[in-house]
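Just so you know, all these numbers are worked out from the coordinates, no wet-lab data involved. None of the values given here were measured: they were computed from a predicted structure. So basically every Cβ, Gly included, is an ideal-geometry build from the backbone, and we count neighbours across all protein chains shown.
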Amino acid sequence: MTDSIYAVQGKDCVVVMASMHHAQSIIRQKDDVDRVMELDNDKLWAYTGPPCDTRSFTEYITANMKLNEMRNGYAHSVGEVASFIRNDLAYKIRKGPAQVAYLFAGYDAETGPQLYWGDYLGSLSRVGKGAHGYAGLMCQGLMDKMWKKDMSEDELVGIMKKCIIEGKKRFLVVSNHYVIKVVDKNGIRTRYRAQADVTDDAAMA
């Protein structure tokens, strides 16, 4: 999977990043794909996999969460939504697997920021940092070395920057197109989105 996704949790927020390019075999087709979907005001997830699976599955989850909220009269917690996603992927294994890997993040008023790592097999783990795609092979060690539990938002963005630089050094297919979003007690905001050199300090400020 060349469409890499990354996420790191800090003291007060979670920073999620995804490459924006889409390739078919050796052909680069698009550079404006936003793979970080906002589920509601305080939950988002980055996903990777075949476009047919990722689009249909993410739209299905979003619609069902809104339906459940309307039926029950309250919004689900971050952990509840993560469990719903995991359960549906586990069910699909026996029917027709959805080839979707994801990083799910959110902020609960009582428990603070949360980050979950999941894959198409129905696995789910609460983590402090994670990645999917080739980024998982190239940047997991880097994230293990740099990440600390109570990092600030700027420090987390610094890790994302280091991951991009590492990818440029080691990966044959180089992308300068990334989106970075942050979720914290104030909701979700886009920290960075550009089709330019994301290693530029001024651009990422």
Could you order the peptides 121-128, 144-151 from most to least packed, using the average number of other C-beta atoms within 10 Å per residue?
121-128, 144-151
Give me the number: length gained by fully extending ARG55 to SER152, i.e. 0.36 nm times residue separation minus the C-alpha to C-alpha distance, one decimal in nm.
31.7 nm
Given Cβ point charges of +1 (Lys, Arg) and -1 (Asp, Glu) and nothing else, what value in debye, to the nearest 20, does the dipole of segment 61-117 about its Cα centre take?
400 debye
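Cβ neighbours within 10 Å, averaged per peptide: list 175-187, 84-96 in order, most packed at the top.
Taking the mean over residues of other Cβ atoms within 10 Å, the ranking is 175-187, 84-96.
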Listed residue (LEU156, SER19, LEU89) projecting farthest to the positive dipole end of the chain, Cβ model
LEU89
So what are the three principal axis dimensions of the chain from its Cα atoms, in whole Å, longest to shortest?
48, 39, 26
Debye, to nearest 20: dipole size of the chain, +1 on Lys, Arg Cβ, -1 on Asp, Glu Cβ
540 debye
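May I ask you to compute the full-extension gain from ASP144 to ARG126, defined as 0.36 nm times their residue separation minus their alpha-carbon distance, rounded to one decimal in nm?
That works out to 5.0 nm of additional length.
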Considering the zone a paramagnetic label at LYS30 would reach in this model (a point 7 Å from Cα along the Cα-to-Cβ line), which residues of segment 88-109 have amide N under 18 Å from it?
99-101
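Using 0.36 nm per residue, how much length does the chain from ARG170 to ASP40 gain when fully extended, once their Cα-Cα distance is taken away?
Fully extending the segment from ARG170 to ASP40 adds 43.3 nm.
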Compute the separation of the alpha-carbon centres of segment 1-59 and segment 82-102 and state it in Å as a whole number.
17 Å
